[in-house]
Amino acid sequence: MSEHPEELLPWYANDTLAGEERERVERHLAGCAHCRAELALLHAMRREVKALDAAPGELVRAQLLKEARRSRLKRGRWMPAALAASLAVVVIQAAVLLSLLPRHESYGPLGARTAPGVIVQVRFAPDATEREMRDVLSAVNGSIVEGPGALGVYRVRLAAIPSGDRERIAAAIETLRAAAPVVTHVEREP
Amino acid sequence: MSERDATAEQLIARMARGEERALAEFYDAYHARVYAFALKLVRDRADAAEVLNEVMLEVWRGAPQFAGRSRALTWVLGIAHHKAIDRVRRRSERFEDDAALAAVADEAPAAVDVIAVAEDRDRLRDCLERLSEAHRVVLHLAFFDDLPYPEIAEIIGCPVGTVKTRVFHAKQLLKQCLAGLTARAPSLPTVS
């Protein structure tokens, strides 16, 4: 290490350096082009880390996690083990859901309620993997439009089926039920 | 103490008295930063979500013992670090040790020679992503959370000198990468 205060520069860059250390760096920077270039690189790194580390779909995730919190509070009193389990299910499936959503949808609403198709409510097993969930949804040409709700229930749109086609609706629900144990609950939304 | 820190301490005090609403408010205030930090370590969304869950339960349970010696953010990220490392170790993965990380950073070009390359955000991003786990974690705390080095040392449980040298080495390796000299630290002995 040289006499350049390079080990302090990152904290000058993030504006947390104070007192004598800050003054020392500022004095040095005034006369050192080498360290000014190092600082410029650190600023570039900081800008990129902020952009890179912000989780994609932040808005949607925040919305889902907020719902998880609400469901926990509705239970009235604190039950650590049960709440840990239920929150874990909802939060994990929130993460799985995010990976199922196309990237461009991650920042938008979870789905328009006015789009055509039939809505069914589906709950997946707590240990269902993303691939299992995707396979199940693909089998019925379904897409998640909302969820997980308070009990870990997703709203799934079966876009290809008209709302009056009871036979195809029943067949799709049967297909979903047959996907047990990945799917633990299915019912048509009233 | 900042207004934000004071609010967090009040929330922790309310949690210590058993107020669930305080946990909800704390969760809203900190979940994004805890999740982003956990994701940096465990590199898996579902695992990061589980760590987030474990951390918030630990905050709830540990609130009566919180003595205010650290800032709330430092305390909660310290818990997250511990939980995330545990999870990674359960997956039988290993972290590189500092001796291995230090051995590679000596021959880096000056920033002035690579700053033009760093303007290419794709290239800069690619080089950041090639850094080791330990380097990316300290960069996250330094540049995403903008924390001072003593707090980072407290969170990851190492001396302040280690934090400073890790960030310094991360920058050196990044410069090597930007200059096209090397992709990342070579595989040297690791510690579990």
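Every read-out reported here was derived from the displayed coordinates using simple, explicitly stated rules and does not represent laboratory data. Bear in mind the structure is a predicted one, so any value in this text is a computation, not a measurement. Every residue, glycine as well, gets a Cβ built from its backbone with ideal geometry; the counts of neighbours run over all protein chains shown.
Values for this structure:
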item: Distant alpha-carbon pairs in chain B (separation over 20 angstrom), percent; result: 59
item: At q = 0.24, 0.26 Å⁻¹, base-10 log of I(q)/I(0) for the stretch B:108-186 (Debye sum, equal scatterers on each alpha carbon); result: -1.09, -1.19
item: Cysteines not pairable in chain B (beta carbon separation under 4.7 Å absent); result: B:Cys158
item: Enclosed volume per residue, in Å³, of the convex hull spanned by Cα atoms of the stretch A:118-188; result: 71
item: Neighbour net charge for B:Thr7 - beta-carbon separation under 12 angstrom, K R +1, D E -1; result: -2
item: Average Cα contact separation per residue, chain B, under 8 Å, 6 or more apart, as relative contact order %; result: 25
item: Local electrostatic count at B:Arg71 - Lys and Arg +1, Asp and Glu -1, tallied over other residues with Cβ under 13 Å; result: -4
item: Contact order relative to length of the stretch B:108-186, as percent, for alpha carbon pairs under 8 angstrom and 6 or more apart; result: 44
